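For reference, the structure is listed below as structure tokens.
FYI, it's all coordinate maths here, none of it is from the lab. Everything numeric in this text was worked out from a predicted model, so none of it was measured. Glycine also receives a Cβ, built like all others from the backbone with ideal geometry; neighbour counts cover every protein chain displayed.
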Amino acid sequence: MTPAKVLITGSGLYTPPNAIDNDALVASYNAWVDAENARQQAAIDAGEREPLAHSSSEFIVKASGIQSRYVLDAEGILNPERMRPQLDERANDAPGIQCEMALAAARQALDSAGVAAADIDLVIVACSNLERAYPAVAVELQQALGAGGYAFDMNVACSSATFAIDNAVNAIRGGGVRRALVVNPEVCSAHLNFRDRDSHFIFGDACTALVLESEEVATAASSFEVVGTRLLTRFSNAIRNNAGFLNRVTDSDPLAVDKLFVQEGRRVFKDVCPMVAELIRDHLSSLQITPSSVSRLWLHQANRHMNDLIARRVLGHEPELDQAPIILDRYANTSSAGSVIAFHLHHQDLEPGAFGVVCSFGAGYSAGCVVIRRR
Ligand code: COA
């Protein structure tokens, strides 16, 4: 029996209500730098310490293309005495923060697919950071939605969405699942060190959702067929976060900066761009699709220059804006949600038969490529 074709029939996006532009973020960072330098004045005067340097909006835009980001809480981040979001701890019988974001995006995706939650057989919550070890956020979401089947969480950092799509596709092809929901609730502001000049501007929060269905049960008027998926991992410490349950027993400082996101940005850029361009080109070639017949690349949204370079290497020419849409200017890096936000906001205009590629990449290193065709 040939496995069923798998279609992406719906997508959803939850955007948090608060936006922080670069000027506001930089003003708070610089206020903290001035206060910190004043606190350390004696050591600076004695030549024992370098004064901290200011950040600048011009640098951020030039180096990354990011203009603004959405966050769950802006006040705590912008307070120079706090510089991290302030979120309420919730009781066990209240919906979790990630479940709440996931619900909003999932309901939108289900509506756009014309699918009832009860008809979902598999819920995957896939993201870089999970608010607790267990019970799985996905199981909480399954119950909150009234979905059937089973649910689990997974984490492949920024590549979580494409790895989850691959899981969902295989589950549907295997025949045990007819409809799957893949959800990416990213609270990146909680793992970002807002006191690190090199990276304080990088991330934002968002949640995306996709409905995937077997062709045999799908009824949506418009959909994308998943033509193929390909995943890749290669170990690297260039993006790392050492927060984990062993911190308590290794007696390490839970507030040390390595318990937050740390990266060597330049190295990531140099290592990841060629790896991703090759992955996409090889994957297309294995599917006998020429790069020139690809209408759109929905790439992971970390850095504008990275996306331009990868698109150039894949397409063989400078991409038009509509060939590789950029959403990081407004959203910043939303980890696994980024490429799905790009897809969600920029797919309506594609003609039937048009090929597109959803591709994410990040810590691990990891990269995932999903080739789709408009129906
Ligand atoms: N404001 C002003 N200047 C800053 C600054 C800031 N916020 N942060 C760094 N600089 C300075 C540096 O001190 C350095 O100065 P120097 O040349 O005098 O030493 C200069 O700007 C360049 O710094 P660098 O870190 O080399 O910048 P970059 O061009 O590599 O851009 C990133 C930094 C992070 C935007 C970029 O490397 C990047 O996006 N990399 C890929 C990241 C990625 O994809 N990560 C995946 C995460 S999932």
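Anything in segment 67-105 that is in contact with a Lys or Arg (Cβ under 8 Å, 6 or more places away or on another chain), aliphatic (A, V, I, L, M) and not in a helix (DSSP H, G or I)? List them, or say none. Matches in segment 67-105: M83 only. The one condition from (1) away from the ligand (no atom under 16 Å from the Cβ); (2) farther than 24 Å from I341 by Cβ; (3) free of Cβ contacts under 8 Å to residues at least 24 places away in the same chain; (4) not in a loop (DSSP other than H, G, I, E, B) that A118 does not meet is (3). Of the residues screened, S55 is one that is within 16 Å of the ligand (Cβ to nearest atom), assigned to a loop (DSSP other than H, G, I, E, B) and surrounded by 18 or more Cβ atoms within 10 Å (Cβ to Cβ). When S335 is tested against the conditions (1) within 15 Å of the ligand (Cβ to nearest atom); (2) buried (at least 20 other Cβ atoms within 10 Å of the Cβ); (3) not in a loop (DSSP other than H, G, I, E, B), the lone failure is (3). Within the option set E50, E36, being free of Cβ contacts under 8 Å to residues at least 12 places away in the same chain and not hydrophobic (A, V, I, L, M, F, W, C) holds for one residue only, E50. Among residues of segment 194-230 being of a type in the set (A, V, I, L, M) and crowded, with 19+ Cβ neighbours inside 10 Å, the one that is nearest to I20 (Cα to Cα) is I202.
Contact map, segment 73-98: first residue more than 17 Å from L255 (Cβ to Cβ), second residue assigned to a helix (DSSP H, G or I) and aromatic (F, W, Y), Cβ cut-off under 6 Å, separation 6 or more or different chains; pairs are P80/W32. Cβ separations smaller than 6 Å between residues 6+ apart or across chains give the following pairs from segment 252-270 residues that are within 16 Å of H191 (Cβ to Cβ) to residues that are away from the ligand (no atom under 16 Å from the Cβ): P254/N247. Restricting attention to segment 259-315, the residues that are surrounded by fewer than 21 Cβ atoms within 10 Å (Cβ to Cβ) and of a type in the set (F, W, Y) add up to 1.
G364 falls short on exactly one of the conditions (1) within 11 Å of the ligand (Cβ to nearest atom); (2) in a helix (DSSP H, G or I); (3) not hydrophobic (A, V, I, L, M, F, W, C), and that condition is (2). Checking each residue in segment 199-213 for being in a strand (DSSP E or B) and within 16 Å of the ligand (Cβ to nearest atom) picks out F203, D205, A206, T208.
Scoring E50 on the criteria (1) of a type in the set (D, E); (2) part of a loop (DSSP other than H, G, I, E, B); (3) under 29 Å from the mean Cα position of the chain (by Cα) leaves a single failure, condition (3).
Filtered by the rule that a residue be more than 11 Å from the ligand (Cβ to nearest atom), more than 13 Å from A104 (Cα to Cα) and either surrounded by 24 or more Cβ atoms within 10 Å (Cβ to Cβ) or within 15 Å of the chain's Cα centre (by Cα) (or both), segment 183-193 gives V187, S189, A190.
All of (1) over 30 Å from R195 (Cβ atoms); (2) assigned to a helix (DSSP H, G or I); (3) in contact with a strand residue (DSSP E or B) (Cβ under 7 Å, 6 or more places away or on another chain) hold for V177 with one exception: (2).
For segment 58-70: of the residues being in contact (Cβ under 8 Å) with a residue 60 or more places away in the chain and within 16 Å of the ligand (Cβ to nearest atom), which is surrounded by the fewest Cβ atoms within 10 Å (Cβ to Cβ)?
A63
If you go through segment 323-375 and keep only what is closer than 23 Å to H200 by Cβ and acidic (D, E), you end up with just D329.
This table checks each residue for (1) of a type in the set (G, A, S); (2) touching a residue at least 24 places away in the same chain (Cβ under 8 Å); (3) under 18 Å from F203 (Cα atoms).
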residue	(1), (2), (3)
R107	no, yes, no
S112	yes, yes, no
L130	no, yes, yes
E140	no, yes, no
Q143	no, no, no
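When segment 145-162 is limited to residues that are in contact (Cβ under 8 Å) with a residue 60 or more places away in the chain and assigned to a loop (DSSP other than H, G, I, E, B), the one that is farthest from F361 (Cα to Cα) turns out to be A157.
For D73, indicate whether it is surrounded by 16 or more Cβ atoms within 10 Å (Cβ to Cβ), away from the ligand (no atom under 16 Å from the Cβ), more than 30 Å from S223 (Cα to Cα) and of a type in the set (D, E). When the stated conditions are applied, D73 passes them.
This table checks each residue for (1) basic (K, R); (2) near the ligand (Cβ under 10 Å from one of its atoms); (3) assigned to a helix (DSSP H, G or I).
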{"residue": "D253", "(1), (2), (3)": "no, no, no"}
{"residue": "R267", "(1), (2), (3)": "yes, yes, yes"}
{"residue": "I280", "(1), (2), (3)": "no, no, yes"}
{"residue": "L284", "(1), (2), (3)": "no, no, yes"}
{"residue": "W298", "(1), (2), (3)": "no, no, no"}
{"residue": "D308", "(1), (2), (3)": "no, no, yes"}
{"residue": "H317", "(1), (2), (3)": "no, no, no"}
{"residue": "Q323", "(1), (2), (3)": "no, no, no"}
